[in-house]
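Here the structure is laid out as structure tokens; the discussion comes afterwards.
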Amino acid sequence: MSQKPQTKKVDYRLVKYSPWLVHFNTGACNGCDIEVLAALTPLYDPERFGVKLSPSIRHGDILVVTGAVTKKAADRLKRLYDQMPCPKFVLAVGACAIDGGVFSKSYSVVGGVDRVVPVSAYIPGCPPRPEAILDGVVKLLEAIKKGEVESYGCD
Amino acid sequence: MKRPKLLETVLRNLVSKPATIQYPREKTTIEPDFRGIQYADLSKCTGCSLCSIECPADAIKMTPIPQEYAVPKINPRRLYPLINYGKCVYCYRCVKVCPVNAYIVTSKYDIAGPTRYTSEDLSLKTLKEVKSQ
Amino acid sequence: MDATEKLRLVEGFALEKGVLKPNRKLFIVKPEDVRKIFESLVEKTGYEGFYLSTITGTDLKDENKVSLDYYIVLLPEEETIVIRTYLPRENPVVESIIDIVPGALAGECETYDLLGVLFRGNPFLKRGFFTPTELAEKNVYPLRKDSGV
Amino acid sequence: MYDMSVTKIVEIPVVTTEVPIGPQHPALHEPVMLKVYADGEEVVRVDVNTGYNHRGIEKLCEKNTFYRDIFIVSRVCGICNAVHANCYVRALEQILDVTPNRRAKFLRVLSMELERIHSHMLINAVMAEIVGFETLFMQIMLDREKVMKAKEILTGNRVSADFMIVGGVRRDIDDVKKEKIKEILLKLKPRVEYYVKVFEEDETILKRLIDVGKINYRDATSHSFVGPPARASGVRIDSRASDKYDAYDEIPFNVVTRNEGDSWARMMVRWSEVMESIEMGLYILSNLPLDGNPVPDERRLPRKFPPGEAFTRVEAQRGELTYYVMSDGKSQNPYRVKIRTPSFNNIVNSAFMYVGYSLADVPVILTSLDPCISCMERVTVIDLEKGTRERIPFKQLSSGGKR
């Protein structure tokens, strides 16, 4: 690749204090979407951890994917992932994003997000409570601090 | 149009406590019968696989119980329902259709993590371990 | 124009009458009459008098037919009636009503893409917009019973 | 400069700018792509491109059993899951000739009305965000959490209720829970009254919403608009009032209609419906019948389905939702399940509404229709692009057919 290999340690330190989320819906039923939205409202307020919803994929550090990945959205997801700056992490929110949920046998669904892009943390639930989403984000941040998760596709 | 009473609002907000829940430090109150994770009590389970057939998400796989566990006589096939919590949609259909009410329900929801979580440990803990030879 | 008159108007085209649960009047008509029914409904009641709720296609494989239901809600009484017609399974073609009732756009496009019923005169019909591309390329209609998806 | 008269023709003028909005967009939480063609600031055409959310649910329903489908159709749309399940379950009850008892019917209505409150509050909050009133968005979302709590108490989950089953509901409520829900609704009422006042009086909102995206009575019926968009144009359609399913024949409520037909009227219809729903909820909680257990034993539900078909309608938050279920009597699976969701009609047929307004109004108009892409897309094609190449339909569609 033409990209210069980066030292991972420096990258991770940059992310761990204030990660910006990008939300992408790959074919969800809205259930997880409204819970992600609810997790960003005053009652839960993730800005306490420096977490912020970023307006563009180019500014994002963590991609929050909700919904069963449909065949049409799979290409888009791959493209979005490639556009993200390094290091990047993916959170799969909800049963559909993790394994396809009730839609896993449908003709137009690929399955879980990890069939398309590597996933750093899974948040089960249908839909997960906002607390569970925050819990997932906090656990991911801790894992990043300890260096337990790796950012894929950046070498 | 009437001017809104700004001062009153400002003063009220100064004295009222903040709306935000300090979530990870301070647990929120959730209903005790919130549909959290569920697992089979293997001392009651007969291994009939009805839950696995009825599961809308196909999250339940009937799995053989490892040799080192003592299995009650009601379960001759030595099978138990292994729930993949990643795929489970928490509809509790399995809990409701179980003919022997073998499912234990909890309100636990914070099971996020870097790997998929299954009911293997929780279910097998309900059985006594026999010292393997 | 009250509901009984509207019903009489549709009844004039009916080959057979029935009831669809719960209490929906069902009229079985000839495929070529569907357009005439909508034309006369629009003429007699205007656009204010009814709206097209949905179009449903069902693949009846054993009888070698495709049934096509038009669900119409008569206003202001809000009574739902069903107009059903049967088409041959090999080459299901029916006249489009999109130029009379613009609300038919959604139903016609959907039925064409998923079941392969051709609405003659509808310029918006297109395969593969909504079914995954590889299915559309193989010319598979997902809701056909023998589609194998 | 170009000739102004060009915009009067259906064909797209060469100088138009194409502005794609979506599918990944911070304001829209759902994957829909609007291709907006603008002439300066004025919108001359809109293409709604979708398909990112098609999950093939109708085929999936044919491949699963009747009972598993109850949980699959609940996941067509997360926001209106209880009404989807209710509509499907009532279709099954029609085929099986089963009637739930009165308590179950009342509880079903309660769960659906709570859902209506939270959905309407959500879309009003999103509207506040889109017009640039972020504080109001946060305020409404904070109060919406109360409704989510009520839903959690009643159904056991904040969003996915999974509350309906053939012959009743899946869990009963006791007096403690009843009091808790009542308290929440009473607390919510003054807040909603306050928001209604804000929407009626605030200048930002009035300036952005009034006279934007007007539809008249005739266009509403000829384009098959349903729900709040139709009711805001004076069309009195409400399947709760006409079909009187479940307990709606016993619970008093008013059908809210307005005559303005613009975006503001649509939002106000929603607020008035929230007030109606709160009243209905309070009525249900104080008049809950005590005629036996509303929870059927799921192990003893009928296994054999006779051949038959049913077409049920339900008033979802966004309008009339219909299910057609057909059983051939031979297998455990339904022969055909047809779902027609309200957003399907409201969004697919809406392209004519944007024409003539400025670019900044497009998100407002789209939001005022309460788009629910996941509902719409289980089976949808919209393609207006092909039509314009043939230079027919756009004006023709918007003028309501040939006349």
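All of the numbers you see were taken from the coordinates with simple rules; none came from a lab. Not measured: the values here are computed from a predicted model. Here Cβ is always computed from backbone atoms with ideal geometry, including for glycine, and neighbour counts include all displayed protein chains.
So how far, in whole Å, is the C-alpha centre of the range D:259-312 from the one of the range D:155-170?
Between the Cα centre of the range D:259-312 and that of the range D:155-170, the gap is 12 Å.
Starting with the fewest neighbours, write out D:214, B:87 ranked by other beta-carbon atoms found within 10 Å of each beta-carbon.
In order of increasing Cβ crowding within 10 Å: D:214, B:87.
Per residue of C:61-67, how many C-beta atoms from partner chains lie within 10 Å of its own C-beta, taken as a mean?
Other-chain Cβ atoms within 10 Å of each residue's Cβ, averaged: 1.
Considering only C-alpha atoms, what is the centroid distance from the range D:345-370 to the range B:25-40, in Å?
Cα centroid to Cα centroid, the span is 41 Å.
Only counting other Cβ atoms within 10 Å, I'd like A:20, D:271, D:264 sorted with the fewest neighbours first.
Sorted ascending by nearby Cβ count, the order is A:20, D:271, D:264.
Would you pull out the residues with amide H under 5 Å of residue B:82's amide H, same chain only if 5 or more places away, H placed 1.01 Å from N?
B:61, B:62, B:63
Please turn the phi angles of the range C:64-79 into ³J(HN,Hα) values with the Karplus equation 6.51 cos²θ - 1.76 cosθ + 1.60 (θ = phi - 60°), one per residue in order, whole Hz, x for glycine and proline.
Values per residue, Gly and Pro as x: 6, 9, 10, 9, 10, 10, 10, 9, 10, 9, 7, 10, x, 6, 6, 9 Hz.
Build a GNM of chain C with springs between Cα atoms under 10 Å: which of C:124, C:27, C:50 gets the top mean-square fluctuation?
Checking each option, the largest mean-square fluctuation is seen for C:124.
What are the ³J(HN,Hα) values, in whole Hz, obtained from phi via the Karplus relation 6.51 cos²θ - 1.76 cosθ + 1.60 with θ = phi - 60°, for each residue of the range A:115-128 in sequence order, with x given for Gly and Pro?
6, 10, 10, x, 10, 8, 8, 10, 10, x, x, 9, x, x
What is the packing order of peptides B:8-16, C:18-26, taking the mean over residues of other C-beta atoms within 10 Å and listing the highest first?
Peptide ranking by packing, descending: C:18-26, B:8-16.
With the Cα gyration tensor of the range A:104-155 giving a ≥ b ≥ c as the square roots of its eigenvalues, does the rule (a/c under 1.5 for rounded; else a/b larger than b/c for prolate; else oblate) give rounded, prolate or oblate?
Verdict is oblate for the range A:104-155.
Note down the relative contact order for chain A as a percent, whole number, built from C-alpha pairs under 8 angstrom at least six residues apart.
26
FRET efficiency for residue D:297 and residue B:104, Cβ-Cβ distance as r, R0 = 22 Å, nearest 0.05?
Efficiency computed from Cβ-Cβ geometry: 0.65.
Counting DSSP beta bridges in the protein assembly as shown, what percent are antiparallel, to the nearest 5?
75
At what distance in nm do the modelled label points of residue B:53 and residue B:78 sit from each other, each positioned 7 Å from its Cα along Cα→Cβ?
The two pseudo-label positions are separated by 2.4 nm.
Quick one: which residues, 5+ away or cross-chain, put their amide H under 5 Å from the amide H of residue B:69? H built at 1.01 Å from N.
Here B:130 satisfy the definition.
How far apart, in nm, are two points set 7 Å out from the Cα along the Cα-to-Cβ line at residue C:95 and at residue B:13?
Spacing of the two 7 Å Cα→Cβ label points: 6.3 nm.
Please list, ordered by chain and number, the residues whose modelled amide H lies under 5 Å from the amide H of residue A:69; skip anything fewer than 5 residues away on the same chain.
A:110, A:111
I need the shape label for the protein assembly as shown. Rule: rounded when a/c is under 1.5, else prolate if a/b > b/c, else oblate, with a, b, c from the alpha carbon gyration tensor.
Rounded, because the longest to shortest axis ratio a/c is under 1.5.
Top mean-square fluctuation among B:25, B:93, B:77, Gaussian network model of chain B, C-alpha springs under 10 Å?
B:25
Would you mind classifying the range D:47-156 by shape? Square roots of the alpha carbon gyration tensor eigenvalues, ordered a ≥ b ≥ c; an a/c under 1.5 is rounded, otherwise it is prolate if a/b is larger than b/c and oblate if not.
Taking the square roots of the gyration eigenvalues as a ≥ b ≥ c, the range D:47-156 is oblate.
Cα-based count: Lys pairs in the range C:3-137 below 18 Å, eight or more positions apart or different chains?
9
Where the only charges are on Cβ atoms (+1 Lys, Arg; -1 Asp, Glu), what is the dipole of the protein assembly as shown about its Cα centre, to the nearest 20 debye?
Charge dipole of the protein assembly as shown: 2040 debye, to the nearest 20.
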